[in-house]
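Notes follow the structure.
The values are calculated or read from the model by the stated rules, or taken from the named source; none is laboratory data. If you're wondering where the values come from, they're calculated on a predicted model, not measured in any experiment. Note: ideal-geometry Cβ built from the backbone for every residue, glycine included; neighbour counts use all protein chains shown. Note: accessible area is taken over every heavy atom of the protein model, side chains too, but ligands, DNA and RNA are not part of it. Shrake-Rupley method; radii C 1.70, N 1.55, O 1.52, S 1.80 Å.
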Amino acid sequence: MSLTPEERMRIYQEEKARIEAQENVQQERFESDSKSKPPGGLSPNVAGLLSYAGGWVSGLIFLALEKENRFVRFHAAQSIIVFGILNIISMSLGWIPGAGGVISGLVLAFSLVFWIVLMVKAYQGVTYKLPMIGDIAESLARNNQHEKQQVENEIPQFSQPGSTVATVSKDLGESVKQQSRSKAGRMIASAFAIAWSIVWLIVFNFFHQYLAFYNGETVGGVTIWKRYPVFTEEISLWLPILTLTLMLTIVVHIILIIIDKYLLRELSTICLNIFSLITVLVLLAIFPFDFSAIPDTTAADITQTSVTIALILIVTAITIGVLVKFIKLVMRLASGKASYSSR
């Protein structure tokens, strides 16, 4: 059945209003939990404070124990992400020769400030959200099927069941969801991961010496190019680890193309991310880079610092991904929804 532009606009407006109403109801329910007493006898503000008291460890404990109170779950999830990341960063920086210990100490001091501020905010009953991390934590705190059902029951119904608009809107929504979760999309992602791993496997094992600075010198009208490799001989200590990670990535994604199971894919992704994290950490520890070919000493120092910061940011990004995926997987297993069809 074809729809007129007016009908399509009406569907759009109804869906937009429904989503906004659902978000408002979720936020109201989330904030109300800061005043309601959770199971276990602790007040929400005390439980929130204790979620930060022991860093990511206490956050993990409270997230596992508290099933209903969104205020406590939010602070527990935020504690896991924040202090998990800061812990990884501090450990990584500690491996850097020379200034690594000093920088690591600064990170610890920064962590102490965060620790105090977050505990104070939680004790005051404030849902204090850190940029980006707070949104992820809030999403994890709301990942409860019973709560979602309650929210659905509370939001206004803009279309009567069985109406043309409601039917078309539902069909469009289901179609979009199905498309985003399609097997074809997962297969393409695995194929891309395989291709990308093969490229890096070949480049680093056979052509890494050509990743270099090139300087041309003209002698008697003939230009002679000299190559100054970016990597030192210490790269041989890192290559076996990189090769193992890339080979595992290729093998695992071949298996995932053949066996398309939710639990297998999620566990495999977490394991591969952990291997990737180890690979980057080892690269950061060995640091087999040589930027002495850069004529300007200041530029060489800036380049070395920039590479170090980039590696630390990669470690941070991978750590966030592992933590979020692990928490979501545990919560889905607990709710009995560990399959693509039940997502």
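Sort 131-142, 69-80, 109-120 for me by packing, meaning the mean count of neighbouring Cβ atoms within 10 Å per residue, highest on top. Don't skip to the end; give the middle numbers.
Numbers: 131-142: 16.8, 69-80: 28.1, 109-120: 14.2.
Taking the mean over residues of other Cβ atoms within 10 Å, the ranking is 69-80, 131-142, 109-120.
In the range 193-343, what percent of the accessible surface is made up of carbon and sulfur (1.4 Å probe, ligands and nucleic acids excluded)? Display every interim value, and only then the final one.
Numbers: 6040 of 8540 Å².
Summing carbon and sulfur atoms, their accessible area is 71 percent of the total for the range 193-343.
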Using amide H atoms built in the peptide plane, which far-off residues or other-chain residues are under 5 Å from PHE289 H to H? THR232
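Based on Cβ point charges of +1 for Lys and Arg and -1 for Asp and Glu, what charge dipole magnitude is obtained for the range 218-343 about its Cα centre, in debye rounded to the nearest 20?
Working: 9 positive and 7 negative charges, 170 e Å.
Dipole size: approximately 820 debye.
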Amide H neighbours of ALA212 under 5 Å, counting only residues 5+ apart in sequence or on other chains, H built in-plane at 1.01 Å? VAL230
Projected area averaged over all directions for the convex hull of the alpha carbon atoms of the range 223-299, nm², comes out at 8.1
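Show me 313-319, 228-234 ranked by packing, highest mean number of other Cβ atoms within 10 Å first. Numbers along the way, then the final one.
Numbers: 313-319: 17.1, 228-234: 14.3.
By packing density, highest mean first, the sequence is 313-319, 228-234.
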Could I have the simple spin-label model distance between PHE192 and LEU211, label points 7 Å from Cα toward Cβ, reported in nm to one decimal? 2.1
Which order do peptides 268-278, 58-68 fall in by mean Cβ count within 10 Å, highest first? 58-68, 268-278
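For the pair ASP135 and LEU112, what calculated FRET efficiency results from E = 1/(1 + (r/R0)^6), where r is the Cβ-Cβ distance and R0 = 22 Å, to the nearest 0.05? It would help to have the intermediate numbers written out before the result.
Values: r = 24 Å, r/R0 = 1.10.
Taking R0 as 22 Å, the efficiency between LEU112 and ASP135 is 0.35.
Once the Cβ-Cβ distance between VAL222 and ILE274 is put in as r, and R0 is 41 Å, what FRET efficiency do you end up with, to the nearest 0.05?
Details: r = 52 Å, r/R0 = 1.26.
With R0 = 41 Å, the Cβ-Cβ based efficiency is 0.20.
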